[in-house]
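A.B. asks: Starting off with a structure, shown below.
The values are calculated or read from the model by the stated rules, or taken from the named source; none is laboratory data. Keep in mind that this is a model prediction, so the values were computed, not measured. Cβ coordinates were reconstructed from backbone atoms using ideal geometry, including for glycine residues, and neighbour counts include every protein chain displayed.
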Amino acid sequence: MKIKALKWFSAVPVAAILAVSLAACGGGAGSTSSASPTDALQGSDQKTLDKYTTKDVTALDKIDKSKLGLITDGTLRVGTLSDAPPNIFIDPSGKFTGYDNELLRAVGAKLGLKVEFASTDFSALLSQVKNKQFDVGSSSISTTDKRRESVGFTNGYDFGYMAVVTKSDSKIKGFADLKSDVRIGVVQGTVQDDYVTNTLKLEPVRFPDYNTVYANVKSGQVDAWVAPSQQATGQVKDGDNTKIAEKVVNTQNFTAWAVNKDNQPLLDALNSGLDAVIADGTWTKLTAEWYKDRPTTAEQTPQGWKPGSKAVQIPAK
């Protein structure tokens, strides 16, 4: 597997948006990508990200839980996915788990809130948060400017890589081999969908979820899957005759939880809880637990970036 870590520098948006509707191989209805075109592999400097990161947070003991605008008082109703390990998935016992969800449970505990998860498709999640069907969206969501037009986001708790997944004997070695004659699968509405459609200016085959797109790689219905690398790692298993051909750091935007953009009290509360779990070492512990290739603090954050507010410090081991 070829891995690249790109420098952080300002990305230049691509000028045009392609409106493409393609039916997934599984027979689902076609959909149009409406994301703002950006090159997700270009990266971003820390100054650009800082404009979205709060200077500090409200003290936990100053959070008024009666003002959080929750669907059910005392409970965070969370929309998430069921099929994207190691971040968001349902384990064999039926429990919603994964890095993003366990971290959110820890934040909820700091705030004295119960956390309830429900499964949905990624393509619907942000609209459901906007329409207050969920209090929070948890799905390793890249915080693009286009998405900020619809929902609010907490401070960042993670960053991501993008990957190319292919059959083991494929001649496709990475992103440079993604051409017009390659059948490229993506999950509808993701940053990867935006990247293939608007940056590469190719027509991907869109799928509703990670399990389905990966199944189509295994069966040869698509030649490559452009994926979040965490989800690629969670899907690719020995004996599948597949591989992660390449992964590249995607630091255009950090990942965060989505909240209705008018609910500032809830955003403030979640940011306070996030800083608390960073400061007490929970973030470091969970990151090492769920990302086996990121066991140390240096490997858990790209140069120039850290989770939470600008004021919080990651404890030294």
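A.B. asks: Can you go through Lys114, Lys179, Lys173 and tell me which one is closer than 22 Å to Gln231 by Cα and surrounded by fewer than 21 Cβ atoms within 10 Å (Cβ to Cβ)?
C.D. replies: On the way: Lys114 fails: closer than 22 Å to Gln231 by Cα; Lys179 fails: closer than 22 Å to Gln231 by Cα.
The unique qualifying residue is Lys173.
A.B. asks: Does the stretch 184-193 include one or more residues that are crowded, with 19+ Cβ neighbours inside 10 Å, over 16 Å from Phe122 (Cα atoms) and not acidic (Asp, Glu)? Can you show your working first?
C.D. replies: Step one: of the stretch 184-193, the residues crowded, with 19+ Cβ neighbours inside 10 Å are 184-193.
Checking which are over 16 Å from Phe122 (Cα atoms) leaves us with 184.
Going one step further and asking which of them are not acidic (Asp, Glu), we end up with 184.
Yes, the conditions are met somewhere in the stretch 184-193.
A.B. asks: Looking at the stretch 194-270, what strands (runs of 3 or more DSSP E) fall wholly within it and have at least 3 residues that are within 16 Å of Met162 (Cβ to Cβ)? Walk me through how you get there before you give the answer.
C.D. replies: On the way: elements: 205-207, 224-228, 242-260.
Fully inside the stretch 194-270 and qualifying: 224-228, 242-260.
A.B. asks: Going through the stretch 127-149 one residue at a time, which ones are surrounded by fewer than 23 Cβ atoms within 10 Å (Cβ to Cβ), at pLDDT 95 or above and closer than 15 Å to Asn263 by Cβ?
C.D. replies: Matches in the stretch 127-149: Gln128, Lys130, Asn131, Lys132, Gln133.
A.B. asks: Before we move on, is Val222 in contact with a Lys or Arg (Cβ under 7 Å, 6 or more places away or on another chain), over 30 Å from Asp64 (Cα atoms) and at pLDDT below 90? Break it down stepwise before answering.
C.D. replies: Values: in contact with a Lys or Arg (Cβ under 7 Å, 6 or more places away or on another chain): yes; over 30 Å from Asp64 (Cα atoms): yes; at pLDDT below 90: no.
No; evaluated as a whole, the condition is false for this residue.
A.B. asks: Oh, and also: Among residues belonging to the stretch 81-119 that are hydroxyl-bearing (Ser, Thr, Tyr) and out of contact with any Leu (no Cβ under 7 Å at 6 or more places or on another chain), point out the one that is farthest from Asn260 (Cα to Cα).
C.D. replies: Looking only at the stretch 81-119, we keep the residues that are hydroxyl-bearing (Ser, Thr, Tyr), and these are 82, 93, 97, 99, 119.
Next, from what is left, pick out any that are out of contact with any Leu (no Cβ under 7 Å at 6 or more places or on another chain): 82, 93, 97.
Details: Ser82: 22, Ser93: 31, Thr97: 23 Å.
Selected residue: Ser93.
A.B. asks: If you take the residues in the stretch 150-160 that are of a type in the set (Ser, Thr, Tyr) and surrounded by 22 or more Cβ atoms within 10 Å (Cβ to Cβ), which one is nearest to Gly281 (Cα to Cα)? Full working, then the answer.
C.D. replies: Of all residues in the stretch 150-160, those of a type in the set (Ser, Thr, Tyr) come to 150, 154, 157.
From the residues that got through so far, the ones that are surrounded by 22 or more Cβ atoms within 10 Å (Cβ to Cβ) too are 154, 157.
Numbers: Thr154: 19, Tyr157: 13 Å.
This residue is Tyr157.
A.B. asks: Failed condition for Val191, given (1) under 30 Å from Ile314 (Cα atoms); (2) modelled with pLDDT of 95 or more, with all others met?
C.D. replies: Just one mismatch for Val191, condition (2).
A.B. asks: Being more than 20 Å from the chain's Cα centre (by Cα), farther than 23 Å from Ser82 by Cα and among the charged types (D, E, K, R): is that true of Asp177 here? Lay out the reasoning, then the answer.
C.D. replies: Details: more than 20 Å from the chain's Cα centre (by Cα): yes; farther than 23 Å from Ser82 by Cα: yes; among the charged types (D, E, K, R): yes.
Yes, satisfied.
A.B. asks: Hey, can you tell me all the residues within the stretch 173-192 that are of a type outside the set (Ser, Thr, Tyr) and either closer than 11 Å to Val213 by Cβ or assigned by TED's automatic domain parsing to the domain that holds Ser142 (or both)?
C.D. replies: Passing the criteria: Ile184, Gly185, Val186, Val187, Gln188, Gln192.
A.B. asks: To continue, here is another question. One residue is enough: does the stretch 161-169 have a residue meeting the conditions farther than 27 Å from Pro265 by Cβ and charged (D, E, K, R)?
C.D. replies: Taking every residue of the stretch 161-169 in turn, at least one turns out to be farther than 27 Å from Pro265 by Cβ and charged (D, E, K, R).
A.B. asks: Right, here's the next one. Which of the residues belonging to the stretch 287-314 are among the aliphatic types (A, V, I, L, M), farther than 16 Å from Asn155 by Cβ and either surrounded by 13 or more Cβ atoms within 10 Å (Cβ to Cβ) or modelled with pLDDT of 90 or more (or both)? Break it down into steps so the answer makes sense when it comes.
C.D. replies: Step one: of the stretch 287-314, the residues among the aliphatic types (A, V, I, L, M) are 288, 298, 311-312, 314.
From what is left, the residues that are farther than 16 Å from Asn155 by Cβ are 288, 298.
Hit for the stretch 287-314 is Ala288, nothing else.
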